[in-house]
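J.: There's a structure below that I have some questions on.
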Amino acid sequence: METKQVEKPVQLQTSLLGGKLSDESFITLFMVGVLLLVFAIACLVVPNFYKPQNILNLITNNWFVIILGIGVTFVLITGNFDMSVGGNIALTGVLSVYFCQGFNVSQNALANGLGLPYVVAVGLALLCAMGVGAVNAFFIAKLKVPSIIVTLGTMMLARGAAQVITQGAQRNTSLPDAFGFLGSWGIPGTSIRISVLVMIALIIIAFVFEKKTVFARRIYLIGANPEAARLSGINVSKYLTVLYIISALLAGITGILLASEFKAGVSSRAMGYEFDALVIALLGGVSIAGGFGSVLGMFVGAIILSVVTSAATGMLLSPDWQFILKAVVTFIAIVSQRFALERRKG
Amino acid sequence: MKSTENVLEIRNLVKDFPGVRAVNDVSFDIKRNTIHCLVGENGAGKSTLIKILTGAYARTSGRILLNGEEYNSHNTRDAKQKGISTLFQELNVVDQLTVEENLTLGMEDTTFGFLRKTDKINKMIGVLNSIEPSIKPNQLVSSLSVAKKQIVEIAKAVAAESDIIIMDEPTAAISESEIGRLFKIIKGLRDNNVTVIYISHRLDEIFELGDYVTVMRDGKHIETKPVSEIQDRSELIKMMIGKTVFEQYTPREEDCPDTILEVKHLSNHRLNDISFDIHEGEIAGFYGLVGAGKTELARAIYGVDEYEGDIMFKGKKLQLAPDKAIAAGIALVPEERRSQGLFTILTIRGNVPVMNMKKISRNGFINDATERNVTLEYVDKLKIATNSIEKEASKLSGGNQQKVVLSKCLFADADLLMLDEPTRGIDVGAKSEIYSLIRRLSKEGKTIIIFSSELPEVMNICDSIYLLYDGSLKSTLRNSCDVDSENILHIVTGGE
Amino acid sequence: MNDKTVGISSEEHITVTNTKKESLRIQLDQSATVRSNIKRYYIYVVLVLIVFVFSVVKLDKFSFSEFFDRGHFLSPDSVINMLRSAVPILTLSGAFTLLMISGYIDLSVGSAMSLSAVVFSLMILNGFSFPFAFIITLTLGIVMGFLNGYLVMKLRITPVIATLVTLSLFKGVALLIVPDGLSAIKGSADKVMPAWINDYARKDVLFGLPWAFWVAVLVIVVLVVVQRRTLLGKYAAAIGGNRLAAELSGINAVRMVWLLYIIVGFFAALAGMARASYMSLGDPLSGDQMELACIIAVLLGGTAFSGGEGSVAKTMVGALIIISVTTGLMTVIPAYWQTVAMGSVLLAAVALNHLLVRDKVKA
């Protein structure tokens, strides 16, 4: 019988760099390039933009969006959205205050809480945050409802609950001394506070997680082809559930830190943060089609957004320009990334 | 202009794909207002021929004349406008609309955008009514059975005044009584100025329905004859099989005494009370043609689809989930490579280790070096043609893609490996490599089940052969060097 | 293993299976009829229930005469107020439904509405006549819809992301246009918003209801007819139900859906003007969360997420339910419960929709 001659593989290339760069790394590098370009423009337009303190601020001022971005990125990789994170921040912050406010210490209802120790309050608040994530998971993984609609609903639920507990305003009295610690302690001599350290730690963990763990690999598989993932033995429902709970937990942590920083649980906190988290993920090259993207890219995207918005402030543009800038920047990013990838594949 | 006797004339049609000539210098005529059947085994070239007629493929060379004029179409819509409508196996109706709305879709009469019920529309409804009065125009298509949906599609094609209606395995998904009704309708079409090209492997249908039959084999046209001149099934079967010498089957040296898989009274929406045992170490083959239920059976065993009945694997009851099946030691190479088996946007390295991550990781952390080595190992073992394991899976040829899927499943270290249409759309070279691989695996003690619609494949390597037809297990036999392949084809085409 | 044939003859076997398949199908058909009846009428039941609950909740004693008395839920004043405030959502959600039937979504409608309100107010404030401002704003709506359609159908950006981008864009432009120091366009020392701006959305024209309301009614009637009896409505359902089949039948999906986006933009502008007229100011945040309200209305009305089926009429009932709920709740609970209520209603609507619009069992 005739057999077709099979070409023996010539040099089998296996290295990641130097050989074939993965598409994800390519896009991340592409966006780094964009970042440098945007930064250069900003330096030209805004005096003193290149000062080290300013550069540091660019990274540290957005610590909260970056933490959110971690969860949102992973959810996006599976092809889903999580728009509930902003509401979750508000809820967790408010709960962290409410749980440890003094018990029955005042006539004013907003000054009374459950009187629990701070640590317990934090723990309970985080649990509630994860509860929101669980609600998301139920509708999305079990009922298979489109995630955009569900998470908009849970966003309102969470924020609404925060509004109810604060009667539409905030709670900021009768707090234990320990309350402000997390938000104010910083490395002596610098402006780097716990929140920034948490962000850095989480980014590093997330990056290692994304590149090296089995769990993360399966997330990419689910996003790339949910049917094939199922046939390859991945329990898609389980992974989605865990992801939404993680995303909620990250939002919760952010909420705790922000509440501590401002020593208040404000029901209007973090309005629009979920949108920003989505924007930086998209800027970083994460694709809603699923199976593609990196937290490192998201981080780069966050800095790009930071540069753009602070340059706008530096040019004395009103804060209202932010909306237009974000829209335009996102649009350019999506289109240019698609263009770059298509060119690459030739 | 319809004075010519032949509605379609095919002259020296050739279609080449990289590495294979799917249609090899085919010439024949289709007479006007006849039911013209097209038969042939898998890979005979009939689907490719049809795809050229419907515009899905462009021919490599040759001519087609429709009503005496040159015919060329770019896509299905184009073909429809030129007079050739096709009923595919995937129904092209909109479930959420009514029958009338589907009938008139794309052909509506309007005044300022308002839908009007004109004579033209009433005529179309009349067409449906004359075909099948029990379908009411204002019924939702979603409430119709598959058979009735088909009829709506037929009516639509007739209403669009098609010269030719092609039907591809139309009886695969409908019941016996519905088949009778469909045949009446098809005969009615013929009597009303429509030519029907009817593709089916159910040979009884050819005799019941067909005026003419064209047999294809290995891409070539074998013969076109009036059905009345054909004596019996075996004559047809002989034409379909020809003098193909099956590669010699080598009987097993040792017996396989232990049962590894027991299937008891398996039934679901497509399967009827199937029971069988598979023995450890053997290569079993489930053979049947389109609609026989092979994929449904594979998916049921794997835990993807629901069923009634019991399946025992290694003495324990199998649960209804793929991850449980994999954990128990079963792996499935799915039917659709691209949509079910492969992660096309990922690389080879991203695909291969997927079903057994434990082996390339420790404590949940992936060991890059192990991952690379394992991938390289399988690329080598299966001779996957690539110069890098970082190549995107979508860029590989069909054969190499299948090898990646195979690697993926082999890496799962399954004791039972199920392969659904393992060599579909793969060139000859890769095919034989896969067969040697299967034999090698069997020697190593693995049990293998192949679900296939290619008889040579099954005859080549399987120790035991199970014949499926219409969701039932019709017969089982032991393979040997002189198995009666005609009888097999007889059974899987509905004979007794 | 020997040659084996199945125990019973194949003929019998086939009959047995056919009966099994047929009886399965009959069962499905019966439950489908029950389910389809529930599907058709539940929403009216829900509306009646809600209205009833809110009517009863604050009554001192249960008597029919009190039902419609002043101060109560169903009193003429109250009903008129509700209907007046319902004008924007009634104007917009019909077109929104059509778009969702085709399987596409527009999250920017709220911002489009706000921007329209702002532009309209700005023009009125600067002395342009009502008709002129009206037409310009409607043109703006068409342009916004055109942009959305371009992003989604031509550039093929996922609808969610494309319309989130335009949401941000429209909102940003609206915020910028508002003069510095003001949160809304309402007039200053030298320029005053004319009193007649209220006429459109507040002045009693018929049965105590203003022009804007009757325009909304007209819009609803037109869109119901469009959905049920025109090519556009049918093609929207075809595209949403089975885009491939639709395109095979010659439908140009890109153009159709693009048109639907333009229509949505048009009505968003109309809704924005109604809001501006009602409040006599152009508030760049006035349309916030309108897209959520539309989604809830559409979900309550039984439109499937994936498209293919849906009903403008039922969405309207859904819109009325939302208005009733929000108005009714305002009398019962403090304002800061609104968001949580909306969220719960949305999730409840999602769950309800899921139960009712589930795929039939695939056989």
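Values quoted throughout were computed directly from the atomic coordinates according to the rules given, and no laboratory measurement underlies them. Since the model is a prediction, treat every value here as computed from it, not as a measurement. Cβ: placed from backbone, ideal geometry, glycine included. Neighbour counts: every protein chain shown.
J.: I'd like to know which of A:C100, A:V65, A:I192 lies farthest towards the positive end of the charge dipole of chain A, counting +1 on Cβ of Lys and Arg and -1 on Cβ of Asp and Glu.
T.: Looking along the dipole axis, the top candidate is A:V65.
J.: Also, quick follow-up: Counting DSSP beta bridges in the range B:6-241, what percent are antiparallel, to the nearest 5?
T.: If we restrict to bridges inside the range B:6-241, about 60 percent are antiparallel.
J.: Say the cut-off is 20 Å between C-alpha atoms; which of A:K238/B:K395; C:K154/C:K234; B:K156/B:K184 go over it?
T.: A:K238/B:K395; C:K154/C:K234
J.: Which links in A:K144/B:K148; B:K238/B:K383; B:K294/B:K324; B:K51/B:K136 stretch past 25 Å when you go from one Cα to the other?
T.: A:K144/B:K148; B:K238/B:K383; B:K51/B:K136
J.: Which distance in nm do the two modelled labels at B:N122 and A:V105 give, with both placed 7 Å along the Cα-to-Cβ direction?
T.: Distance between the two pseudo-spin positions: 8.6 nm.
J.: Counting only helical runs of four or more DSSP H residues, what would the 222 nm mean residue ellipticity of chain B come to if each run contributes -39,500 (n - 2.57) and the total is spread over all its residues?
T.: Value at 222 nm, helices only: -9500 deg cm²/dmol.
J.: Rg to Rh ratio, the range A:44-198, alpha-carbon atoms and Kirkwood radius?
T.: Radius of gyration over Kirkwood radius for the range A:44-198 works out to 1.05.
J.: From Cα coordinates alone, what are the radius of gyration and Dmax values for chain B in angstrom?
T.: For chain B, the Cα radius of gyration and maximum Cα-Cα distance read 24.5, 78 Å.
J.: Another question, then. Could you list log10 I(q)/I(0) for the range B:380-496 at q = 0.15 Å⁻¹, which the Debye formula gives when each Cα is one point scatterer?
T.: -0.74
J.: Projected area of the range B:39-171, taken from the Cα convex hull and averaged over every viewing direction, in nm²?
T.: Directional mean of the projected Cα hull area for the range B:39-171 stands at 9.7 nm².
J.: Next question, about the same structure. Average partner chain C-beta neighbours within 10 Å, per residue of A:139-152?
T.: 4
J.: With the dipole of chain B worked out from charges on the C-beta (+1 for Lys and Arg, -1 for Asp and Glu) around the Cα centre, which of B:A369, B:S27, B:L416 lies farthest toward the positive end?
T.: Result: B:A369.
J.: Right, something else. Please work out, to two decimal places, the log10 of the ratio I(q)/I(0) at q = 0.19, 0.23, 0.25 Å⁻¹ from a Debye calculation in which every Cα of the range C:260-332 carries one identical scatterer.
T.: Taken in order of the listed q values, log10 I(q)/I(0) reads -0.95, -1.20, -1.25.
J.: Would you mind giving the mean number of other chain beta-carbons within 10 Å of the Cβ of each residue in C:228-236, as a whole number?
T.: 4
J.: Quick check: the distance between the Cα centres of the range B:214-288 and the range B:290-322, to the nearest angstrom?
T.: Using only Cα atoms, the two centres lie 21 Å from each other.
J.: Once R0 is set to 41 Å, what does the formula 1/(1 + (r/R0)^6) return for the Cβ-Cβ distance between C:I333 and B:N129, expressed as a FRET efficiency to the nearest 0.05?
T.: Here the calculated transfer efficiency is 0.10.
J.: May I pose another question? For A:N61 and A:A178, FRET efficiency with R0 = 22 Å and r from the beta-carbon atoms, rounded to 0.05?
T.: Rounded to the nearest 0.05, the efficiency is 0.30.
J.: If you don't mind, there's one more thing I want to ask. Can you give the charge dipole size of chain B about its Cα centre, rounded to the nearest 20 debye, using +1 on the beta carbon of Lys and Arg and -1 on the beta carbon of Asp and Glu?
T.: 1300 debye
J.: Give the aspartates and glutamates whose C-alpha is closer than 18 Å to that of B:K220, dropping any in the same chain fewer than 8 places away, or say none.
T.: Of all the aspartates and glutamates, those that pass the test against B:K220 - Cα under 18 Å, at least 8 places apart if same chain - are B:E9, B:D16, B:D25, B:D29, B:E41, B:E235, B:D427, B:E454.
J.: Report, for the range B:259-492, the % of DSSP beta bridges that are antiparallel, rounded to 5.
T.: Taking every DSSP beta bridge with both residues in the range B:259-492, the antiparallel ones total about 55 percent.
J.: In peptide C:163-176, what is the residue-averaged number of other protein chain Cβ atoms found within 10 Å of each Cβ?
T.: 6
J.: Another one. What's the percent breakdown of Cα-Cα distances in the range A:190-346 across 10 Å bins, shortest bin first?
T.: 9, 30, 36, 20, 5, 0
J.: Please compute the alpha carbon radius of gyration of chain A, then divide it by the globular-protein estimate 2.2 N^0.38 Å. Two decimals is fine.
T.: Relative to the rule-of-thumb radius for its length, chain A sits at 1.09.
J.: For the range B:210-334, state the average projected area of the convex hull of the C-alpha atoms over all orientations, rounded to one decimal in nm².
T.: 10.9 nm²
J.: Also, I was wondering about something else. Need one number: % antiparallel among DSSP beta bridges in the protein assembly as shown, to the nearest 5.
T.: Counting DSSP beta bridges with both partners in the protein assembly as shown, the antiparallel share is about 60 percent.
J.: So how strong a dipole does the protein assembly as shown carry about its Cα centre when Lys and Arg Cβ are +1 and Asp and Glu Cβ are -1, to the nearest 20 debye?
T.: For this selection, approximately 2820 debye.
J.: Report, in debye and to the nearest 20, how large the dipole of chain A comes out about its Cα centre when Lys and Arg carry +1 and Asp and Glu carry -1 on their Cβ.
T.: With only Lys, Arg, Asp and Glu charged at Cβ, the dipole is about 480 debye.
J.: Stokes-Einstein diffusion coefficient for the range A:124-244 at 37 °C in a medium of 0.692 mPa s, Rh from the Kirkwood formula over Cα pairs: what value in µm²/s?
T.: For these conditions, the coefficient is 185 µm²/s.
J.: Relative to the present Cα-Cα distance, how much length would full extension add between B:K316 and B:D484 at 0.36 nm per residue of separation?
T.: Result: 56.9 nm gained on full extension.
J.: Taking the mean number of other Cβ atoms within 10 Å as a proxy for protection, how do you rank C:105-112, C:301-308 from highest to lowest?
T.: Sorting C:105-112, C:301-308 by mean packing, highest first, produces C:105-112, C:301-308.
J.: Please give the per residue volume of the convex hull enclosing the alpha carbon atoms of the protein assembly as shown, rounded to a whole number of Å³.
T.: Convex hull volume per residue, Cα atoms: 212 Å³.
J.: Still on this model: How far is it, in nm, from the label point at B:F207 to the one at B:N192 when both lie 7 Å from their Cα along the line to the Cβ?
T.: So the label points at B:F207 and B:N192 sit 3.0 nm apart.
J.: Relative contact order of chain A, please, whole-number percent, based on alpha carbon pairs below 8 angstrom and at least 6 residues apart.
T.: 31 percent
J.: Another one. If I model a spin label as a point 7 Å beyond the Cα along the Cα-Cβ vector, how far apart are those points for B:F88 and C:F128 in nm?
T.: 4.9 nm
J.: Can you tell me what percent of all Cα-Cα pairs in the range B:126-187 are more than 17 Å apart?
T.: Within the range B:126-187, distances greater than 17 Å cover 35 percent of Cα pairs.
J.: What share of Cα pairs, in percent, lie more than 31 angstrom apart in the range B:6-241?
T.: 23 percent
J.: State, to one decimal in nm², a quarter of the convex hull surface area for the C-alpha atoms of the range B:259-492, i.e. the direction-averaged projected area.
T.: Approximately 12.5 nm², given one-decimal rounding.
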